Amino acid sequence: MTLRLGDTAPDFTQDSTDGPIHFHEWIGDSWAVLFSHPKDFTPVCTTELGLVSRLKPEFEKRNVKVIALSVDDVASHKGWAGDIEETQGAALNFPILADPDRKVSDLYDMIHPNANNTLTVRSVFVIDPNKKLRLTLTYPASTGRNFDELLRVIDSLQLTDYHSVATPANWTDGGDCVIVPSLQDPEVLKEKFPKGYTVLKPYLRMTPQPNR
């Protein structure tokens, strides 16, 4: 199944380390990050799950729930959680979906046969409260993900949902933003951007971050 930005994230019910997860119900009015792992008891995944456990307060500040997936079963996940806490100094504090039947992996196209026909690649899906898919990232199994980048993108998505701006290259929270080209009325611009803006080109106008 090919998923594209703006699609409704497929719903499912699947067991997890926190019990059965009814995905859309679990998301509720929050944003969500679903990210997959090739297999339990693997080194790169262990570092990722430990890091996300430490970063959970940052996700919560942004009204984001995180949920992982691995193709192994719940008993295996729970055994792995002990290793994660021991080696990463952080107890697992979010659910890991069990997907031995590959149901969720197939729904979200997480298995890429030319890379490996049984294990998931490192997929990332950011889903908004309307259950719409807002970001997809796919990493090879050998490369750990950059979760600072993921938080940066979530900051951008949430900012641009509520203000008439886009974020430029390498933007981070607090940086100047781009006014969307569709906004042209001078009075509307004055009202929306009381901090002012700089015109570099008619289509390239920079303004301080509106919600700062």
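Quick note: the coordinates plus some simple rules give every number you see, no bench work behind them. From a predicted model like this one, the values you see are computed outputs, not experimental measurements. Please note: Cβ atoms are built from the backbone with ideal geometry, for glycine as well, and neighbour counts cover all protein chains shown.
Just a few scattered comments:
- Each of VAL165, VAL199, VAL33, VAL180 was scored by other Cβ atoms within 10 Å of its Cβ. Arranged with the fewest first, they read VAL199, VAL180, VAL33, VAL165.
- For the pair GLU85 and ASP11, label points projected 7 Å from Cα toward Cβ lie 3.4 nm apart.
- Helices assigned as whole DSSP H runs in the chain whose Cα atoms extend at least 24 Å along their own long axis and whose mean Kyte-Doolittle hydropathy is 1.6 or higher are not found.
- Reach of LYS103 by Cα under 18 Å, taken over lysines that are not fewer than 8 positions away in the same chain: LYS39
- Which listed pairs, of LYS131/LYS195; LYS131/LYS201; LYS56/LYS190; LYS56/LYS131, have C-alpha distances above 27 Å, in listed order: LYS131/LYS195; LYS131/LYS201; LYS56/LYS190
- Order of LEU51, LEU204, LEU34 - criterion: other Cβ atoms within 10 Å of each residue's Cβ, fewest first: LEU204, LEU51, LEU34
- Counting neighbouring beta carbons within 10 Å and listing from fewest to most, the residues HIS22, HIS37, HIS77, HIS163 come out as HIS22, HIS163, HIS77, HIS37.
- Short-range pairs are left out: with C-alpha atoms under 8 Å and at least six residues apart, the relative contact order of segment 13-144 is 33 percent.
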